[in-house]
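Each remark here refers to the structure printed beneath this line.
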Amino acid sequence: NRLLIQGGLITLDEQGRNIKLEAVINAREGSDEQAGFHLDGEGTVNGTPLTVMVRGGPFINIRRNRPYIFHGEIAGVGTRLIADGSITRPFDLGHFNATLKLRGRDLADIYLLTGVTTPNTPPYQLAGKLTRDGSKYTFADFSGRVGSSDLSGDLVVDRVDERLRVDADLRSRLLDIDDLMAVLGADPRVTPGGDTVASSGAPGRLLPDAPLNVERLRVMDGTLRYRAARVKRNDLDVREVDIGADLKSGILNLDPVAFAFNRGELRGTAKINATRDMPYSAIDFRLRNYPLESIIPARDGVATVTGRALGRARLEGPGASVHDFAAGSKGTISLVVPQGRMRAAFAELMGVHVLAGLFKLDDESTAEIRCAVADFTVSGGTATAKTFVVDTTPVLATGSGTIDLGAETINLRIDGETKEARLIRLWAPILVRGPLTSPKVDLDRGAVAAQVGVGGILAALVNPLAALAAFVDPGLAEDANCGALISSAR
């Protein structure tokens, strides 16, 4: 009726995840704090420190029909797991119940401890009920925080046909959009106030450049559903999020990927083939009824343009990160505004009518946008304008140029033609150039200088009134065929 263990030693060398551990076991009867079962281990996980501690009651108290109480802690790779539970039928380790608390710097790190692939995240802290029933583990009704967002849900891990399978149903009452960006590969940083700030990972870049770990996607299958009921105030005005995922044999299908805005939504699907050394992805996203006021900022508190935008992006290509995928992608990108309104001064400025466009920018009257269509063909990560038309009541503007998705820069030229005769007008294209995060809008000053030079020559050789001939515009532009343009872009 006694079991005594002194200086028992367990050595573990798990080469798949590079875990090395040496643990000492002691067990004896008694009522002091040294009595009972003690396991204390130290080692490394992927070269970083690992500690393991397990405590249980004296073996003399064990009964077949009474659970055996234990406390366990594991700390390594920036992660700490604490479990308080019981083995349902001593010592059948295939069945137990426990309250599990886990916290760490990045949920992706738990792969090295558990073999379960999870996405990169900001620092997290979660707690719930963990049960084991043979090969099936259930982390039920857990809750906590990931970055600045709350997270709750249920997670089931099992082995099906000798493959690891993970099924998760996750929810947030209030999501910080920067935490979601970290999951997509952005670089998370926690501010002193506890909020998460996510950047692309490279200064000045818009698209995340963290690489996808394809090896981890190949070792498991599973499903995910994530819904955020509300989203903290953000620049994009996202209000709700709904994401579904299905992973099987190294192919990840995301359906849906949906973002609801205050007005409008972005919804689509994505497929990532991780069976290759270099992942190959395809996306199809549609933008519906997104307000132009959220794209183009107001001027002096008054909206520059109003209306609803429709859009679609269909892209495919190789790339280990979101940025690399965009930089090597092919496909199409379209943006359509079926109707709206624009401040009259800005509409005139597209035709560079000097008096109305340049000198009356404080004019708050509006002009109708009959239609606006931007249709790009993408090849090698460069989007080239196939159709670029902005048709307003006073001006028809057409554009050309490119958007480099790899360098994240824009280089567009917009030429405007007035629909009414103007006495004073400059034939000068508008140039939109620079990084996508902060493009610059300016006139082609070379074209302006050339026209002013013509006027000066005429004035000198003929008479002062003849100089006006350089700026007389008869107004030859006609309305665009909006129906045909919109139909082709969709």
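All of the numbers you see were taken from the coordinates with simple rules; none came from a lab. It should be emphasised that the depicted structure is a prediction, and the values quoted were computed from it without experimental measurement. Every residue, glycine among them, receives a Cβ derived from its backbone with ideal geometry; neighbour counts consider all protein chains shown.
Averaging the sequence gap over all C-alpha pairs within less than 8 Å and six or more residues apart, then dividing by the number of residues, gives region 1-104 a relative contact order of 17 percent.
Working note: Karplus 6.51/-1.76/1.60 with θ = phi - 60° gives region 57-66 the couplings x, x, 5, 4, 8, 5, 10, 4, 9, 10 Hz, where Gly and Pro are set to x.
Taking the average, over residues, of other Cβ atoms within 10 Å as the packing measure, peptides 387-393, 20-26, 77-83 rank 387-393, 77-83, 20-26 from highest down. Counting alpha carbon pairs within less than 8 Å and at least 6 residues apart, what relative contact order, in whole percent, applies to the chain? After rounding, I find 6 percent.
Taking R0 as 22 Å, what FRET efficiency do you get between E215 and E14 from their Cβ-Cβ distance, rounded to the nearest 0.05? That gives a FRET efficiency of 0.85. Put simply, region 1-104 fits an ellipsoid with semi-axes of 26, 17, 12 Å; these come from the alpha carbon gyration tensor as the roots of five times its eigenvalues, largest first.
In percent, rounded to a whole number, the relative contact order of region 141-244 is 26, using alpha-carbon pairs under 8 Å and six or more apart. Calculated on C-alpha atoms, the gyration radius of region 118-197 divided by its Kirkwood radius gives an Rg/Rh of 1.05. Helix 445-461 versus the longest principal axis of the chain: what angle, 0 to 90°, nearest 10, using Cα atoms? Orientation of helix 445-461: about 10 degrees from the principal axis. Placing pseudo-labels 7 Å out from each Cα toward the beta carbon at V432 and E29 gives an inter-label distance of 8.4 nm. What's the long-distance tail for region 133-274, i.e. % of Cα pairs beyond 28 Å? I get 22 percent for the Cα pairs in region 133-274 exceeding 28 Å. Stretching the chain fully between R189 and K129 yields a gain of 18.7 nm (0.36 nm per residue, less the alpha carbon separation). Computing P(r) over Cα pairs in 20 Å bins from 0, in percent for the structure here picks out one of [x] 18, 41, 24, 12, 4, 1, 0; [y] 23, 59, 18, 0; [z] 23, 50, 23, 3, namely [x].
Between K248 and R413, the contour length at 0.36 nm per residue exceeds the Cα-Cα span by 54.8 nm. Charged side chains reduced to their Cβ positions (Lys and Arg at +1, Asp and Glu at -1) give region 1-104 a dipole of some 400 debye around its Cα centre. Charge dipole of the chain (Cα centre as origin; +1 on each Lys and Arg Cβ, -1 on each Asp and Glu Cβ, all else neutral): 820 debye, rounded to the nearest 20. For region 82-106, the residues whose amide N sits under 18 Å from a probe point set 7 Å from the Cα of R64 along the beta carbon direction are 87-95. In terms of packing, defined here as the mean over residues of other Cβ atoms within 10 angstrom, the peptides 148-158, 324-334 line up highest first as 324-334, 148-158. Taking the average, over residues, of other Cβ atoms within 10 Å as the packing measure, peptides 176-187, 241-252 rank 176-187, 241-252 from highest down. Each residue of region 18-33 is assigned a 3J(HN,Hα), and the resulting list reads 6, 10, 10, 8, 10, 10, 9, 10, 10, 8, 7, 7, x, 10, 7, 5 Hz, derived from the Karplus form 6.51 cos²θ - 1.76 cosθ + 1.60 (θ = phi - 60°), x at Gly and Pro. The helix-based estimate of mean residue ellipticity at 222 nm for the chain, built from -39,500 (n - 2.57) per DSSP H run of four or more residues and divided by its residue count, is -3000 deg cm²/dmol to the nearest 500. Extending 7 Å from Cα along the Cβ direction at E73 and again at N1 yields two label points whose distance is 3.5 nm.
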